[in-house]
2 protein chains.
Amino acid sequence: MNIAQMPMPPLSPELIARFRAIVGDKYAMTEPADVAPYVTEERGLYHGRSPLVLRPGSTAEISDICKLATSERIALVPQGGNTGLVGGQTPQGEVVVSTRRLDKIRDIDPSSNTMTCESGVVLQVAQQKAADVDRYFPLSLGAEGSCTIGGNLSTNAGGTGALAFGVAREMALGLEVVLADGRILNALSKLKKDNTGYDLKNLFIGAEGTLGIITAATLKLFPKPRSIETAFVGLKSPADALKLLSISQAEAAGSLTSFELLADIAVDFSVRHGIDIRAPLASTHPWFVLMELSSPREDARATLESILAQGMEQGIVDDAVIAANLSQRAAFWKLRDEMSAAQKPEGGSIKHDISVPVAAVPAFIAEANAAVVKLIPGSRPVPFGHLGDGNIHYNVSQPVGADAADFLARWHDVNAVVFEIVLRMGGSISAEHGIGVLKRDELPEVKDKVAIELMRSIKTLLDPLGIMNPGKVL
Amino acid sequence: MNIAQMPMPPLSPELIARFRAIVGDKYAMTEPADVAPYVTEERGLYHGRSPLVLRPGSTAEISDICKLATSERIALVPQGGNTGLVGGQTPQGEVVVSTRRLDKIRDIDPSSNTMTCESGVVLQVAQQKAADVDRYFPLSLGAEGSCTIGGNLSTNAGGTGALAFGVAREMALGLEVVLADGRILNALSKLKKDNTGYDLKNLFIGAEGTLGIITAATLKLFPKPRSIETAFVGLKSPADALKLLSISQAEAAGSLTSFELLADIAVDFSVRHGIDIRAPLASTHPWFVLMELSSPREDARATLESILAQGMEQGIVDDAVIAANLSQRAAFWKLRDEMSAAQKPEGGSIKHDISVPVAAVPAFIAEANAAVVKLIPGSRPVPFGHLGDGNIHYNVSQPVGADAADFLARWHDVNAVVFEIVLRMGGSISAEHGIGVLKRDELPEVKDKVAIELMRSIKTLLDPLGIMNPGKVL
C-alpha cells in the first residue's frame, strides 16, 4: 500500500486542542494567514495545505506531538527553513511540525572541533557561531540565510563546499531524533571514532523526515582558513576542465574547496539578467571554471598561480583572472549563485540535479546536449555545477520564442532522455536536492530493486503507521 | 531471545555436501588441520570451532550459500583476514564463509578518484593498486598485510590515517552486500553525491557481519602525497600535546595525517622489548608525540618546522627530532606499531580501546590512571593512541612481580572503573576495534536504550532467523 494513500482521520477540534496544549496557544496556528508561510515554498512551485502548524520549543514537546500523532494516527510533516526544492517539506493536509524554535547551540567545543546545535538553528548562524570561536563550519549553500541544520541533515545537503569537506552527512558526528512513536533516540556524540553497534544516525540523514524528526546534531568543525583565493577561468571544454581539476587536486589536495563548471550560456544569462553582474573575463570562451582554494596558511595564492600556470602551459587554460579583493571574489560568486534564477527571464526551464562519476561528466554533457536538442529542436541546455563532485545542475531552457507552457509540458520527456544517460553512466537522478515528491515516482525505476525493498522495510519498521511525512521519498 | 542461544540444527553430511557443491570440493574444508587457521586468531585469545569452512569465489556463490543457510537455518560467520581483536570473526560451531577468494579489483578510475574492490582484497594490495595509478588509499593499520577490505568495512576500521581521512566508513562510496536470505544488494556507486532514498550502506559498515556479507565496495582515492615529514616530540603532559595538536591543525589542516600520543612507559616497553628499536630522542620526557604531515606539495618540512618552532616558543615542546630519511621514519613508526606487542613481556595486560571528545583526553588519562592504581596498587597504565581522534588504547600492565593470572582475573573490574570515566565524559568503550563477543555484554549497559532497541529491530528485520554471525555485537 502506498503510504501516501493510507487514510488518515480528519483533525477534530478536540484533537487540535490536544496538540495545542502541548506547544501552548501561541505556537499552534490554524488561521490561513498564519499557516500560509508553511505550506507554500518560495518559488511558488508547491502549494500545500495544512489544518494545523505546530511550533514546538523542545525535543520533549516534539516527542509528545509524535506520541499523540501515533495514538490518534495523525500524519506529520517536519519542516525546517522551508527552502527545499523537491517538495519534501510541503504538507498535503498533514499537521506541520516546524523545528525553527529549536534554535539553541547546546555546546561548542573548539578543542574537540565540535558543535552541538538544535535542528532549528539557521545554517548561517551555525557558520557564524563556529567563526566566533575561530573555527570553520564548511556547509554552504544558496539558502543558508534561512535553511536550518535539521533540514540540511534531513536532505543531506551538498553545496559548494562539498568538494573538500563532503556533504552534510559527513559533517554530523551524532544526532538526536524523535521517532514516530515519540521515543527519543539519543545518538549525540562528539566522538570521531565509535564502533559500538550499528550506525543509526545515517538512516535519518537524508531520509527527508520520513523516519523521524531530527531535533539536534553534533557537527564537526574545522580550522578557519587563513587565505582564500578565487579564480575565474576560461577554457574550451568540460574535458579540459576535468584536466584542470586533476592538476588542482594534485597541487592543492584538501585546499581545493570549490571547483564549479559553468557553460558560457549560463554565465551569459547571469550577466544579462542578474543585477550588477559583469563577466569576469573580457574574452569569450565556451566554458568557464570558478575555482577556490582555502588554506590554513598564506599559500593559497601561490598554489593557485602555480595551478593556472600549469593549465596555461598545457593549453588547457585559455584565460584566467584571480579575484583581487573580497568584493571581486563576492562578485564571482554572485554570478554563480544567481545562475538558477537568471534562467527565469529566458522562459521555461526544465531542471535536473544529477551526478555521474567525475570522469564521466564531459561525456554526460555531450550526450545529454545532443539528446535534448534532438528531442526539442532549439532547446538550450544550460549545464553548470560542482564538477569536483560529478554533480551537474543540468537545466534546459526553452527555445527562443517558444511557448513556456508547451515546453514545460515536456518536463517528463526531457527527464526521461537525461535520466537514461545518467543511469547508463552509473549516476544519480538526485545528487543533492533529494527525492521529496518531485522524483518519488521515478525512484523505483532508477534504484536497485533490493535497495527499494530494504527502504520500504525500514520505513515500515520505523514508521509502521505511515504518519511521518507520508507520500515523500517512497 | 538472545540470538546466540537460538538453537541451530546440527550440520548433516548431506547438508555439508550441498554447501560443498556451491563452492566446489577444493574450497569446502572440514578437516581439522584445514579448518584450524579460520577458528583461531593470531594472538590465540579466541579459540573457535567450525564443522565447515567455505571459500566461495564469487558474489553469486555467497548468495547461494546464504539461500541454503536460510532454508536450512544454518548459522554463518563471515570472515576476511581473521585479524580482528574482539572475536567477531571467530566461529562457535557455525559455518565459516571466508571472503578471501573475492580478491579482484573490479575497477580503478583515477579521474573519478574511485576504486571498486571485492571484499577479499588485502588492504595492502588495495593501497598498492591505488599507488600504481598515482593515487593514495589512506586506510592504514598494523594488520594491513593480511586484513581485507571487507573486514575493514565490516568493523569500520580506524588506524593511523583516520585523523585526516576518516575511518573506513568515510572511505566507502558504495557497497555490494549479500543479505541473510541471499538477496544481493547492489549499492555500488562511484558517486560523491547521491540523495536517492535512505542510506543503506552505513547499516552494513561496522555491523561486524551480523546483517549481511559485504562482497564488494567502491572506495575513495586521494591525490598521492609528494612530501611526508615525521617528527618525534618530547613534552610534559597530554594537555601540552593537545595544545600542540591545536597548533598543528591550524597550521597544517588536512595535511596533518597522524598525531599519536605516547606515554613514556609505552615508549620504554617498545625500546626494551622490540627488536632493533631505539629511542628517537636522547633526552627523557614523560610524554611523546609521533606526528606526521603529508602534503601534495613540497611544503611538509617547512610546515612541520614552523609547528615545532611555535611549540618550543610556547614552552609546549621540550625536544623534537624530524626523521632525516625514510629509514628513520620507518623506525619511528616501528616503535609505535610494536607498542601493543611490547607489553607482553611485562606480564598481564588489560586492554581498552576507548574514545572521548578530543578535549577530554588529558582529564580522562589523569582520572583513569588514578582510579586504576587505586584499584590495583602497583598496576602500570600504558596509555597511547590517536590523540587527534580522541582514541586512546588505554592498556594497563600488571604490577612488577605480580601473578599474571591473578591480575588478568580482574579484567572486568578494571574495565568497570575505566568505562565509568569514559561514559561520564561522553566517550565510547570501543572506538575502533568493534564489539564482537569481547564487549557484547557491556553494550546494553553503555548505549542509549532506544539505540539498542533500534539495533535489535534492525537485526530482526535483516536477519530474522539469526543466522548471520550469531552472538556477536548484540
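Contact map, segment B:295-317: residues that are within 18 Å of B:His285 (Cβ to Cβ) paired with residues that are of a type in the set (Ser, Thr, Tyr), Cβ distance under 8 Å, separation 6+ or inter-chain. Pairs shown: B:Ile307/B:Ser248.
Restricting attention to segment B:424-441, and to residues there that are touching a Ser or Thr at 6+ places or on another chain (Cβ under 9 Å) and more than 8 Å from chain A (Cβ to nearest Cβ), which single residue is nearest to B:Leu179 (Cα to Cα)?
Filtering first and then ranking leaves B:Gly436.
Going by the structure shown, is B:Leu387 free of Cβ contacts under 8 Å to residues at least 40 places away in the same chain and either within 27 Å of the chain's Cα centre (by Cα) or within 27 Å of A:Lys220 (Cβ to Cβ) (or both)? The answer is no for B:Leu387. Counting only residues that are part of a helix (DSSP H, G or I) and open to solvent by 30 Å² or more (accessible area, probe 1.4 Å), segment B:181-210 holds 1 of them.
Tell me the residue from B:Ala239, B:Ala250, B:Ala217 that is modelled with pLDDT of 95 or more and surrounded by fewer than 23 Cβ atoms within 10 Å (Cβ to Cβ), please. Break it down into steps so the answer makes sense when it comes.
Values: B:Ala250 fails: modelled with pLDDT of 95 or more; B:Ala217 fails: surrounded by fewer than 23 Cβ atoms within 10 Å (Cβ to Cβ).
Every option except B:Ala239 fails the conditions.
Exactly one residue out of A:Leu304, A:Leu293 is within 14 Å of chain B (Cβ to nearest Cβ), open to solvent by less than 50 Å² (accessible area, probe 1.4 Å), not hydroxyl-bearing (Ser, Thr, Tyr) and not in a helix (DSSP H, G or I), and it is A:Leu293.
It is to be established whether one or more residues within segment B:336-348 are more than 23 Å from the chain's Cα centre (by Cα), hydrophobic (A, V, I, L, M, F, W, C) and open to solvent by 40 Å² or more (accessible area, probe 1.4 Å).
At the first step, the residues of segment B:336-348 found to be more than 23 Å from the chain's Cα centre (by Cα) are B:345-347.
With hydrophobic (A, V, I, L, M, F, W, C) added as a condition, the list becomes none.
Checked against the condition, which is being more than 23 Å from the chain's Cα centre (by Cα), hydrophobic (A, V, I, L, M, F, W, C) and open to solvent by 40 Å² or more (accessible area, probe 1.4 Å), segment B:336-348 yields no hits at all.
The requirement of being over 30 Å from B:Asp34 (Cα atoms) and modelled with pLDDT under 95 is fulfilled nowhere in segment B:140-157; no residue meets it. Of all residue pairs spaced 6 or more apart or on separate chains, those with beta-carbon atoms under 7 Å, a first member in segment B:329-343 that is of a type in the set (D, E, K, R) and a second member that is assigned to a helix (DSSP H, G or I) are B:Glu338/B:Ser270. For the residues A:Leu290, A:Leu308, the requirement of being modelled with pLDDT of 95 or more and under 26 Å from A:Asn395 (Cβ atoms) singles out A:Leu290. Inspect segment A:399-407 for any residue being buried (at least 23 other Cβ atoms within 10 Å of the Cβ) and either within 14 Å of chain B (Cβ to nearest Cβ) or modelled with pLDDT of 95 or more (or both) and give the result as yes or no. No: zero hits. In segment B:442-464, which residue that is touching a helix residue (DSSP H, G or I) at 6+ places or on another chain (Cβ under 6 Å) and more than 25 Å from B:His393 (Cβ to Cβ) is farthest from the other protein chains (Cβ to nearest Cβ)? Out of the qualifying residues, it is B:Ile452.
Applying the set (1) more than 21 Å from the chain's Cα centre (by Cα); (2) within 26 Å of B:Ser246 (Cα to Cα); (3) open to solvent by less than 10 Å² (accessible area, probe 1.4 Å) to B:Ser355 leaves exactly one unmet item: (1).
Of the residues B:Gly234, B:Gly209, B:Gly161, B:Gly197, only one is more than 7 Å from every other protein chain (Cβ to nearest Cβ) and out of contact with any Pro (no Cβ under 7 Å at 6 or more places or on another chain); which? Quick ask: steps written out before the conclusion?
Numbers: B:Gly209 fails: out of contact with any Pro (no Cβ under 7 Å at 6 or more places or on another chain); B:Gly161 fails: out of contact with any Pro (no Cβ under 7 Å at 6 or more places or on another chain); B:Gly197 fails: more than 7 Å from every other protein chain (Cβ to nearest Cβ).
Only one candidate qualifies: B:Gly234.
For segment A:8-29, a residue qualifies if it is within 19 Å of A:Ser63 (Cα to Cα), open to solvent by 50 Å² or more (accessible area, probe 1.4 Å) and over 34 Å from the mean Cα position of the chain (by Cα), and the qualifying residues are A:Ala17, A:Arg18, A:Ala21.
Condition check ((1) touching a Leu at 6+ places or on another chain (Cβ under 8 Å); (2) modelled with pLDDT of 95 or more; (3) part of a helix (DSSP H, G or I); (4) open to solvent by less than 10 Å² (accessible area, probe 1.4 Å)) across all residues:
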{"site": "A:Ala360", "(1), (2), (3), (4)": "no, yes, yes, no"}
{"site": "A:Ala363", "(1), (2), (3), (4)": "no, yes, yes, no"}
{"site": "A:Glu367", "(1), (2), (3), (4)": "no, yes, yes, no"}
{"site": "A:Lys374", "(1), (2), (3), (4)": "no, yes, yes, no"}
{"site": "A:Gly378", "(1), (2), (3), (4)": "no, yes, no, no"}
{"site": "A:Pro383", "(1), (2), (3), (4)": "yes, yes, no, yes"}
{"site": "A:Gly388", "(1), (2), (3), (4)": "yes, no, yes, yes"}
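Condition (residue is within 19 Å of A:Val177 (Cα to Cα), in contact with a helix residue (DSSP H, G or I) (Cβ under 9 Å, 6 or more places away or on another chain) and within 14 Å of chain B (Cβ to nearest Cβ)) applied to segment A:81-97: is it met by at least one residue? Within segment A:81-97 (the criterion being within 19 Å of A:Val177 (Cα to Cα), in contact with a helix residue (DSSP H, G or I) (Cβ under 9 Å, 6 or more places away or on another chain) and within 14 Å of chain B (Cβ to nearest Cβ)), the answer is yes, since at least one residue qualifies.
Do the conditions hold for B:Glu170, that is, is it within 10 Å of chain A (Cβ to nearest Cβ), farther than 26 Å from B:Ser430 by Cα and surrounded by fewer than 21 Cβ atoms within 10 Å (Cβ to Cβ)? Talk me through it step by step, then tell me what you get.
Values: within 10 Å of chain A (Cβ to nearest Cβ): yes; farther than 26 Å from B:Ser430 by Cα: no; surrounded by fewer than 21 Cβ atoms within 10 Å (Cβ to Cβ): yes.
So B:Glu170 does not fit the description; no.
Output the residues belonging to segment B:259-286 that are farther than 14 Å from B:Met339 by Cβ and in contact with a strand residue (DSSP E or B) (Cβ under 7 Å, 6 or more places away or on another chain). Once the filter is applied, which keeps residues that are farther than 14 Å from B:Met339 by Cβ and in contact with a strand residue (DSSP E or B) (Cβ under 7 Å, 6 or more places away or on another chain), segment B:259-286 yields B:Phe259, B:Leu281, B:Ser283, B:His285. Residues of segment B:55-82 that are farther than 25 Å from B:Thr460 by Cβ, open to solvent by 30 Å² or more (accessible area, probe 1.4 Å) and of a type outside the set (A, V, I, L, M, F, W, C): B:Arg55, B:Ser58, B:Glu61. Consider segment B:93-134 and keep the residues that are assigned to a helix (DSSP H, G or I) and open to solvent by 20 Å² or more (accessible area, probe 1.4 Å). The one that is nearest to B:Thr59 (Cα to Cα) is B:Val125. Restricting attention to segment B:255-268 and to residues that are crowded, with 22+ Cβ neighbours inside 10 Å and either assigned to a helix (DSSP H, G or I) or of a type in the set (Val, Ile, Thr) (or both), the residue that is modelled with the lowest pLDDT turns out to be B:Ser255.
One residue alone among B:Val396, B:Val414 is over 24 Å from B:Asn152 (Cα atoms), out of contact with any Pro (no Cβ under 7 Å at 6 or more places or on another chain) and either more than 8 Å from chain A (Cβ to nearest Cβ) or surrounded by fewer than 22 Cβ atoms within 10 Å (Cβ to Cβ) (or both), and that residue is B:Val414.
The values are calculated or read from the model by the stated rules, or taken from the named source; none is laboratory data. All of these numbers come straight from a predicted model, not from anything done at the bench. All Cβ positions, glycine included, derive from the backbone under ideal geometry; neighbour counts span all protein chains shown. Just the protein is used for accessible areas: all its heavy atoms, side chains included, with ligands, DNA and RNA removed. Shrake-Rupley method; radii C 1.70, N 1.55, O 1.52, S 1.80 Å.
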